[in-house]
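Okay, so here's the structure we're looking at.
The values are calculated or read from the model by the stated rules, or taken from the named source; none is laboratory data. Just so you know, these numbers come straight off a predicted model, no measurement behind them. Here Cβ is always computed from backbone atoms with ideal geometry, including for glycine, and neighbour counts include all displayed protein chains.
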Amino acid sequence: MTKARILGVGLIIMILLNLAMLFFGFLKKPPHHLKEGPKQMVIERLNLDAAQQASYLELIDEHKQAVRQKEEQVQFKRAELFSLLSKDERENASKIQKEIGQLITEIEKIHFKHFESIEAICRVDQKARFKELSSELEKFFRHSRPRPKP
């Protein structure tokens, strides 16, 4: 065999291997809790009935709206803060930074209250499941959705 033929066969083998890796990479399913999202995972883990699911979906809508409003305020304050960089007056920076911190604290309070509300819709037999789930919440909701762009 000539060098050109060996290189050609090697190239074809590499192309086939790459195509196979791409094909099997697309077939791989994400973990169940990532595929269906935290919402479905909570419903399944707590074994919520139909009425509880309806209440839970309302809680999610209220939570999203409250968080979105606070995140918009944070973005506005960040824009206000960074606009100070183009000015000579920067004495308001500390005040704006504190306001951003307060808004972020309020967002965390909204998150915590949301899970207290979820616990409140649980039946007595579901409370133990909720406590078990609450120890895992941070990892499930760490990257649940992208942050809004400024």
From the list Leu27, Leu16, exactly one residue is more than 30 Å from Ser117 (Cα to Cα) and modelled with pLDDT under 85. Which is it? Leu27
Taking Val74 as the residue in question, decide whether it is assigned by TED's automatic domain parsing to the domain that holds Phe130 and within 30 Å of Arg129 (Cα to Cα). no
Please go through region 110-137 and give me each residue that is surrounded by 11 or more Cβ atoms within 10 Å (Cβ to Cβ) and part of a loop (DSSP other than H, G, I, E, B), ordered by number. Ile121, Cys122, Arg123, Glu136
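Need at least 1 residues that are among the aliphatic types (A, V, I, L, M) and within 30 Å of Ile121 (Cα to Cα) per element, so show me which helices (runs of 4 or more DSSP H) inside region 1-109 make the cut, counting only ones lying wholly within it.
Numbers: elements: 3-27, 32-46, 50-83.
Result: 32-46, 50-83.
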Within region 95-113, track down each residue that is closer than 15 Å to Ala66 by Cβ and not polar (S, T, N, Q). Leu103, Ile104, Glu106, Ile107, Glu108, Lys109, Ile110, His111, Phe112, Lys113
